[in-house]
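Enquirer: Would you mind keeping the following structure in view while I ask a few things?
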Amino acid sequence: MASSGNLGNKTALVTGAGTGVGKAVALALLKDGYHVALAGRRKEMLEQTVKEAGANGKNALVVPTDVGKPDQVAALFAKIKDQFGRLDVLFNNAGGNAPGVQFEDLPFEKWQSVVDVNLTGVFLCAQGAFRLMKDQNPRGGRIINNGSISAHTPRPGSAPYTATKHGVTGLTKTISLDGRIYDIACGQVDIGNAISPMTERMAQGVKQANGTTAPEPRMDPSHVGDAVVFMANLPLDVNVLTMTIMATKMPFVGRG
């Protein structure tokens, strides 16, 4: 497949690269030959991802970053430009959730913390990538946002997570439109029940829309890694705007 950038120097940034989906995507991109910047709040988790990459870890750059803070995001992109000289792919993955509570009982602080990471963080990183991609040579690149199944359908008690993931869909479409003149493609992968620390509770049982509690099937996050590599390696005149990848038997399609 063609790469979005120089075949000898493919570069990518993965946020939330220390666990779950972000870790799986970082490992997949490293395996495919990318130089990868790994961002996340916990340095030790990012270093563990590099360790698991084995020999491919030599192409990794660990940059501890809180994506909800503009100054840290600016420092992240300055480091990428200094180290790699360009950025071909951004996988906007870092995200968090608030404990499921009744809508009227959700503390503002919990709402704000989810918005800061899930929506503001995606905006800041996409903006940093956009600025770098439009001015580099060869020009352009690809931004892939993690939308989640919640970009389409909520779970009970999930107002901040669902609202931010719907917001991510709006950002994806806007970036896709505004990026055209700079050869910047933007797409979204909506993931359903990939195995990660965030979905551990689903194996035990989570609240369903009808008020019952039931365990839900999950899938290996390596399949998400494969999907993102596929999207990343398309030529820039081709874009996957949205892709849904999910555990086949999870309650999403139809009425459960």
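Quick grid of which residues meet (1) closer than 15 Å to Val117 by Cα; (2) touching a Phe, Trp or Tyr at 6+ places or on another chain (Cβ under 6 Å); (3) β-branched (Val, Ile, Thr):
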| residue | (1), (2), (3) |
| --- | --- |
| Thr15 | yes, no, yes |
| Thr19 | no, no, yes |
| His35 | no, yes, no |
| Val50 | no, no, yes |
| Ala60 | no, no, no |
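Enquirer: Can you name the condition, by its number, that Lys110 falls short on among (1) of a type outside the set (Val, Ile, Thr); (2) in contact with a Ser or Thr (Cβ under 9 Å, 6 or more places away or on another chain); (3) modelled with pLDDT under 95?
Expert: (2)
Enquirer: Assuming Glu200 fulfils every condition listed in (1) touching a residue at least 40 places away in the same chain (Cβ under 8 Å); (2) in a helix (DSSP H, G or I); (3) under 20 Å from Gly20 (Cα atoms) apart from one, which condition is it?
Expert: (1)
Enquirer: When residues of the range 137-163 are filtered for being outside any loop (DSSP other than H, G, I, E, B), within 19 Å of the chain's Cα centre (by Cα) and not charged (D, E, K, R), how many remain?
Expert: Of the residues in the range 137-163, 12 are outside any loop (DSSP other than H, G, I, E, B), within 19 Å of the chain's Cα centre (by Cα) and not charged (D, E, K, R).
Enquirer: Oh, and also: Which of (1) assigned to a helix (DSSP H, G or I); (2) open to solvent by 10 Å² or more (accessible area, probe 1.4 Å); (3) of a type in the set (A, V, I, L, M, F, W, C); (4) within 19 Å of Pro154 (Cα to Cα) does Val101 not meet, given it meets every other one?
Expert: So Val101 meets the others, but not (1).
Enquirer: Still on this structure, I have one more. Can you name the condition, by its number, that Glu216 falls short on among (1) at pLDDT below 85; (2) touching a helix residue (DSSP H, G or I) at 6+ places or on another chain (Cβ under 7 Å); (3) surrounded by 15 or more Cβ atoms within 10 Å (Cβ to Cβ); (4) within 30 Å of Gly33 (Cα to Cα)?
Expert: Here Glu216 meets the rest and fails (4).
Enquirer: Please find, among Lys31, Lys58, Lys51, the residue that is without any contact (Cβ under 8 Å) to a residue 12 or more places away in the chain and within 22 Å of Asp220 (Cβ to Cβ). Full working, then the answer.
Expert: Details: Lys31 fails: without any contact (Cβ under 8 Å) to a residue 12 or more places away in the chain; Lys58 fails: within 22 Å of Asp220 (Cβ to Cβ).
Sole residue among the options that is without any contact (Cβ under 8 Å) to a residue 12 or more places away in the chain and within 22 Å of Asp220 (Cβ to Cβ): Lys51.
Enquirer: Arg86: more than 18 Å from Ala37 (Cα to Cα), at pLDDT 95 or above and charged (D, E, K, R), yes or no?
Expert: Against the criterion (more than 18 Å from Ala37 (Cα to Cα), at pLDDT 95 or above and charged (D, E, K, R)), Arg86 does not qualify.
Enquirer: Here's a follow-up. Filter the range 240-256 down to the residues that are in contact with a Ser or Thr (Cβ under 8 Å, 6 or more places away or on another chain), at pLDDT 95 or above and part of a loop (DSSP other than H, G, I, E, B) and list them by number.
Expert: Leu241
Enquirer: Continuing with the same structure: State all residues of the range 169-191 that are over 13 Å from the mean Cα position of the chain (by Cα), open to solvent by less than 20 Å² (accessible area, probe 1.4 Å) and of a type outside the set (A, V, I, L, M, F, W, C); if no residue qualifies, say none.
Expert: Gly179
Enquirer: Could you pull out the residue among Asp226, Asp237 that is surrounded by fewer than 19 Cβ atoms within 10 Å (Cβ to Cβ), part of a loop (DSSP other than H, G, I, E, B) and of a type outside the set (A, V, I, L, M, F, W, C)?
Expert: Being surrounded by fewer than 19 Cβ atoms within 10 Å (Cβ to Cβ), part of a loop (DSSP other than H, G, I, E, B) and of a type outside the set (A, V, I, L, M, F, W, C) holds for just one of Asp226, Asp237, which is Asp237.
Enquirer: For the range 173-206, which residues satisfy the criterion of being modelled with pLDDT of 95 or more, of a type in the set (S, T, N, Q) and touching a helix residue (DSSP H, G or I) at 6+ places or on another chain (Cβ under 9 Å)?
Expert: Matches in the range 173-206: Gln188 only.
Enquirer: Additional query: Of (1) more than 15 Å from the chain's Cα centre (by Cα); (2) open to solvent by 10 Å² or more (accessible area, probe 1.4 Å); (3) not β-branched (Val, Ile, Thr), His166 satisfies all except one. Which?
Expert: Status for His166: all satisfied but (1).
Enquirer: Take the residues of the range 128-150 that are in contact with a Lys or Arg (Cβ under 9 Å, 6 or more places away or on another chain) and surrounded by fewer than 24 Cβ atoms within 10 Å (Cβ to Cβ): which is nearest to Lys69 (Cα to Cα)?
Expert: Leu132
The values are calculated or read from the model by the stated rules, or taken from the named source; none is laboratory data. Here the structure is a predicted model, which means the values were calculated and not measured. In this analysis, Cβ positions are derived from the backbone assuming ideal geometry, glycine residues included, and neighbour counts consider all displayed protein chains. Surface areas here come from the heavy atoms of the whole protein model, side chains and all, with no ligands, DNA or RNA. Shrake-Rupley method; radii C 1.70, N 1.55, O 1.52, S 1.80 Å.
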